[in-house]
Amino acid sequence: MTEALAATTSAAHLSQTASNELVTEKLSIAGIRCAACVQLIEYSVAQLPGVDRFKINPLTQKADLRWHQEQIDLKRVIQTIVRLGYAAFPANQSLTEYQQKAKKKALWRLFIAGFAMMQIMMYAFPSYLVPVPSVDGDLTPDLDRLLKLASLVISLPVIMFSAMPFFEGALRDLRHRHIGMDVPVSLGILLTFFASVWATFFGGAVYFDSAIMFVFLLLGARFIEDMVKSRTNAALQILTQLPRSLVHKIIAFPEDRNTIQVDPSTLQIGDVVLVPAGEQMPCDGVVLDGHSECDEALMTGESQPVLKQVNDKVIAGSINQHSALIVQAEKVGQETQLAHLIGMMEHATLEKPRLVQIADKHASRFLIAIILIAMTSGIVWSFIEPDRAFLIAISVIVVTCPCALSLATPGVMSAAIGQMAKAGMLVTKGAAIESLAKATHFVFDKTGTLSYGRLKVLDAIWIRDQVKGFDAVQALGLRMSGLSSHPVSIAVHDYCVERLNSAQQKNASSIDLSLAKEYPGLGVEVHFDEHLLRFGRLEFALELSGSAWPVPMQYSDKTISALADQSGLIAVFVLQDCLRDDAIEVVQTLQGSGKQVMLLSGDRIDVVRASAEACGITAYFAGLKPDQKFEMVKNLQAQGAVVVMVGDGMNDGPALSLANVSVAMGQGAPISQSRSDCLLMSNRLSDLSFALKVSQLSYRLIQENLAWAMLYNLIAIPAAVVGWLEPWHAALGMSLSSLLVVFNGLRVLRLQPAAMLFQTTGEGK
C-alpha cells in the first residue's frame, strides 16, 4: 500500500473553498485487523490540524470525518492513513476490487504456509522418532544437518511472504509507540525462526515446524475471522446496498415526459424522476403520476406492499413493484430517511457495552505485561534448564490471546443490530443493547403505541335510509366527512369509502358544498339545497333539531360522532382507537419473562382503564402531562429500575430522553424519534419482544467471551511459564481461542423473529 492509493480520490472530493466551514465525508478504510488498528488511525488523524472529528466503525471499516476546509484537505487525511499502512478511499468509491485482490493474496499466503508446514513436518518427523526402537538406527549428523537445511529453505517463503502482515503491523505499531497484537506475534515467529537458524549451523534443536505451524494457524484464523465478519455484517449491509444504476430524470414534466439517465448522486430537490417497475426509489418524494405498490420492508419491516398513488409519499430504497411511478424528489442523498437511519445504525455499532470498554482500555497494558512475564520466565528458566528457557519465553508470548474479546464484540454487536433491523427495530445507540438486556420495567404510552393511534369506526347506526339530493345516505356521510382533516372525519370518510362503489363516490364528490364552515373541536356545518347539515360531535349535530339521543351503555367509553340536519339525526358513528393486533400477546410475553409493564397515558381514565385491562396491565395511569411522565420514570430509576420507555408522541419526548432505553414508534413524532435509542420502524410490538431476546443473548455472549478470555489466559499463561506447552501448542491454543469467541458470536444469527405472527394489514399499517 502506497501513497498512490490517495490518487484515486476524485477531484470533487479534493477541492477547497475559501471558507472555513466544517465539511463532512465518509471514508472506507481497508486493512483494519483489531481495536489497536482503529485506535492508531483515529489518534493519528485526530492530531492533524483542522480535523474536527474522526471516528471509525471497525465492523463496516468506514469512518466519519469532519474537517475545516481552510486548514486541511481530504487528500492529506488520506495520505496520513496510507502512510500508516492502510488503504483509504472516499466511501462512494467501491472497495470491491481492492478487497478481491486482498482476499486472493491472503489465500496465497495461507496456501504457501500450509504447504510449507506439511513439508517441514515431514522433515521433522525422523528426529522425533530417533528414540523409538523400531527405527533402524539413529539420524547421522550429516542427514540431520540436511533435514534442517531443507526445513530452513522451505521456511523462507513463509517468513518472507506469508508472515509479512504480522511484521508490517508490528513495525507500524512500534513506529507509533503502540503495542498491538502483531508485536508479540512477530516476536514469537522471528525469535523461533532465528533460534532455529542458529541451531541449524551451530547445533541444537530446531523448531521450524512450530514457527511455520504458528503462521499457518494465525493466517487460517484471520481468514475465517474475515468470513465470519462478512456474515455477521450482512444483515446490516443490506440496508446500504442501494443500486448505483442510473436514474431516469424527466426534464420538462408535465409538458414533456422524455427522460435522460443521470447518476443518482446528482439529483436535486424538485427534480422529477420516472421509477419503472422493479427499480428502487432513488430519493424521498411524492408521487405526481401513476398507481403502483411499493415494498418498504427495507425501511419499515412491513412485509406487505404499500399502495402508492398521486400525492402519496415514497421513501428511498423502497422497491416499485407493479407499474411506473413519476416522483418528485423532496429529499436526496444523505438527507433521505434511509440515509439518516443508516448513519444512526452505523454510529450504533461504534458504541460498546461497558464491560467491553473496560477490557479494551486495558488491552495494551495486558500485552506489555505478557512481554515482561515472558522475559522473566526466560531469565528464570535460564538458571533451571537453559536449553528450554528460550522456547518457554516464546510460548508465553504466543499463547496469550488479549484480542479474543476485540475479535468477538464487533461481530456480536453487528449481528444483533442486523437481526433487529431485519425485524423492523433500528438501533441508533449501541449502548442500548446492554441496557435493554438488563431492563426490569417496560413503560408504554397508549395512543399510537399500544393502540394504532388513529380511530376506527366500530359501528354505524343509520337513522334514515335516504336524504334528498343523495343516492345513498352513505354518500352524504362520505361528502361531509371529507370536508375536514380531523381524525374522526378521516375515520368516517374511510369507512364510507369502503361501502360505496366508484360511481357513488364520484356522484358524492360532484355535489357542491362550498359554503361549508368548520367549528374547531366541534365539527362541520354546510348549507345544501335549503338544508342545514352538521357533522361532528353528537351534541353539536343535535343542536340543529334540539333533540337528544341517549348513548347506549356499551358505547359509553367510545368516541361518538353524528350526522344530522334540522329534522334530527341522520347517522351516528361509534369510533375507537383499537389496540394493536400484537399488543396483548407482547405484554403477556414481557410479564411472563419477569418484566414489570406499566401504562402511562394522557388520555381519559375510562379509555386507559379499558386498554390496560384488555392487555392485563395492572399498573396504569391516565391524564398525565409530559412532566408527570418524566417524574414517574425518574422515580422508577431512583428505586433501581432499568426502564424501557416506548412512545410516539411529543408528550413522550421528556420521558424518552430520561429512560435507560427509549423506543420510538416508526410513525411517531420527530421529537420522540430524535430522543430515542431505538426506532420501531415496523410499528409491530412483537418486534420489541424479539429485540429483547436478541439483546439478552448478545449481552450474554459478550459476557461469555470475556469470561472465556480471562479463564483461558489464567490457565494458558501459567502452563506456558512452567514449561508444559511447546510453541506449537501455544500457537494452536491462541488460534482456537480466537476462533471460539468469534464463532460464539454467530449464535445471535440463529435467533429469528416469529414468522410474522402479527402481520399488519388495514388499520395496522
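What follows is calculated from the coordinates using simple rules that are stated; it is not laboratory data. Treat the numbers as computed from the prediction; the structure is a model and nothing was measured. Backbone-built Cβ (ideal geometry, glycine too); neighbour counts: all protein chains shown.
The table that follows gives values for the structure above.
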| quantity | calculated |
| --- | --- |
| Efficiency of FRET from Cβ geometry, residue 376 and residue 30, R₀ 35 Å, rounded to 0.05 | 0.35 |
| Column: log10 I(q)/I(0), Debye, Cα scatterers of segment 579-626, q = 0.20, 0.22 Å⁻¹ | -0.64, -0.75 |
| Residues with amide H under 5 Å from that of residue 325, placed H, sequence gap 5 or more | 275 |
| Equivalent ellipsoid dimensions for segment 37-88 as semi-axes, Å, which come from the Cα gyration tensor, largest first | 17, 12, 9 |
| Rough spin-label spacing in nm, given labels placed 7 Å along Cα→Cβ, for residue 637 and residue 55 | 2.0 nm |
| Sequence of 549, 67 once ranked by neighbouring C-beta atoms within 10 Å, starting from the fewest | 549, 67 |
| Ranked 465, 494, criterion: other C-beta atoms within 10 Å, fewest first | 465, 494 |
| Backbone N within segment 553-584 under 18 Å of label point (7 Å from residue 543 Cα along the Cβ vector) | 560-570 |
| Residue 458 long-range amide H proximity, modeled H, under 5 Å | 574, 575, 576 |
| Sites residue 48 and residue 309, calculated FRET efficiency, Cβ-Cβ separation with R0 41 Å, nearest 0.05 | 0.20 |
| Simple label model, 7 Å out from Cα along Cβ direction - residue 160 to residue 385, nm | 3.6 nm |
| Additional length obtainable on full extension of the chain from residue 566 to residue 365, 0.36 nm per residue less Cα span | 63.7 nm |
| Difference of contour (0.36 nm per residue) and Cα-Cα distance, residue 628 to residue 71 | 195.6 nm |
| Residues 736, 478, 746, sorted so that the one with the fewest Cβ neighbours within 10 Å comes first | 736, 746, 478 |
| For residue 442, distant residues with modelled amide H under 5 Å away | 596, 597, 598, 644 |
| Residue-wise HN-Hα coupling along segment 257-264, computed from phi with Karplus coefficients 6.51, -1.76, 1.60 (Hz; x: Gly, Pro) | 9, 5, 10, 10, 8, 10, 6, x |
| Above-threshold pairs, the threshold being 22 Å between Cα atoms, out of 62/103; 438/634; 506/558; 55/429; 517/625 | 506/558; 517/625 |
| Protection proxy ranking, peptides 587-595, 153-161, average beta carbon neighbours within 10 Å, highest first | 153-161, 587-595 |
| For segment 709-717, 3J(HN,Hα) per residue [Karplus equation, 6.51 cos²θ - 1.76 cosθ + 1.60, θ = phi - 60°, Hz, x = Gly/Pro] | 4, 5, 5, 4, 5, 5, 8, 5, 5 |
| Cα→Cβ-extended label distance, 7 Å offset, between residue 108 and residue 330, nm | 5.3 nm |
